[in-house]
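Notes follow once the structure below has been shown.
The values are calculated or read from the model by the stated rules, or taken from the named source; none is laboratory data. Keep in mind it's a predicted model, so treat the numbers as computed, not measured. Backbone-built Cβ (ideal geometry, glycine too); neighbour counts: all protein chains shown. We work out accessible area using only protein heavy atoms, side chains counted, and drop any ligands, DNA or RNA first. Shrake-Rupley method; radii C 1.70, N 1.55, O 1.52, S 1.80 Å.
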Amino acid sequence: MNRHLDHRNPLVFDVHELGRRPGAMQKVSRTVPAPADLGLAGVIGVPEGSSVQMGLRLESVMEGVLVTGISRASAVGECVRCLEPLERELNARFQELFSYPDADGRGRPVAEPGDDAEEDEDRYFLEDDLFDLEPLLRDAVVLALPSQPVCREDCLGLCPQCGVSLNEDPDHHHDAVDIRWAALQGLVATDQADEKDNVNGAAEPGVDEKQEK
């Protein structure tokens, strides 16, 4: 259960105008600064402090307030293939029920949230007609972002041998040598070197003999 919510926090919303009248509805638009670490750490995310546009529909139901919304922001990251920086427009949708902590819409008492710890972990609660949207926003953004972002679908990436960008040089390649022939090539090179030494060694006595004559 949420504790000590601050109404000055831009991601905390007040629903007191809805009351506990099932069917009451309110629309809210707000632009908020992105909190820290909004996204996939080290991969792609919304920069801290950048603008996040929020559009919410708040509906009073028997159990609490149903929050449906969409957030729009710009996410930045790094292409997993070529490592170049990239930017993506993000649209993250979400819907969640924020329950009344003590009773349903008809005034009947319900079980205290602490009665079932495991169930409480999967629920969101109102606190003094306030709710914190940040946990819900984080989950929605993570689901909306690509886990393997690329700068473009046909990105060729980097050469695995030297790291050259294949997008800039698509014809770049290295002559591949079959390792099964590598040892044989070494023997050939050694034989050629020995043959050259023998030829040079045989030529030297001939020169001396010519000089003696």
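Looking at VAL67 and the list (1) open to solvent by 70 Å² or more (accessible area, probe 1.4 Å); (2) in a strand (DSSP E or B); (3) over 30 Å from ASN167 (Cβ atoms), which single condition is not satisfied?
Only one criterion is unmet by VAL67, namely (1).
Please work out if ASP6 is free of Cβ contacts under 8 Å to residues at least 24 places away in the same chain, closer than 22 Å to PRO135 by Cβ and open to solvent by 30 Å² or more (accessible area, probe 1.4 Å).
yes
Condition check ((1) open to solvent by less than 50 Å² (accessible area, probe 1.4 Å); (2) in contact with a helix residue (DSSP H, G or I) (Cβ under 6 Å, 6 or more places away or on another chain); (3) farther than 23 Å from GLN148 by Cβ; (4) at pLDDT 95 or above) across all residues:
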{"position": "THR31", "(1), (2), (3), (4)": "no, no, yes, yes"}
{"position": "SER51", "(1), (2), (3), (4)": "no, no, yes, yes"}
{"position": "GLU63", "(1), (2), (3), (4)": "no, no, yes, no"}
{"position": "SER74", "(1), (2), (3), (4)": "yes, no, no, yes"}
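Run CYS155 past the list (1) modelled with pLDDT of 90 or more; (2) open to solvent by less than 30 Å² (accessible area, probe 1.4 Å); (3) closer than 25 Å to PRO22 by Cβ and report the number of the one that doesn't hold.
Looking at each condition in turn, CYS155 falls short on (3).
I'd like to check something: does the stretch 43-64 contain any residue that is under 30 Å from GLY163 (Cα atoms) and of a type in the set (D, E, K, R)?
no
Does the stretch 102-152 hold any residues that are at pLDDT 90 or above and among the basic types (Lys, Arg), and which are they?
ARG138, ARG152 - these are the residues of the stretch 102-152 that are at pLDDT 90 or above and among the basic types (Lys, Arg).
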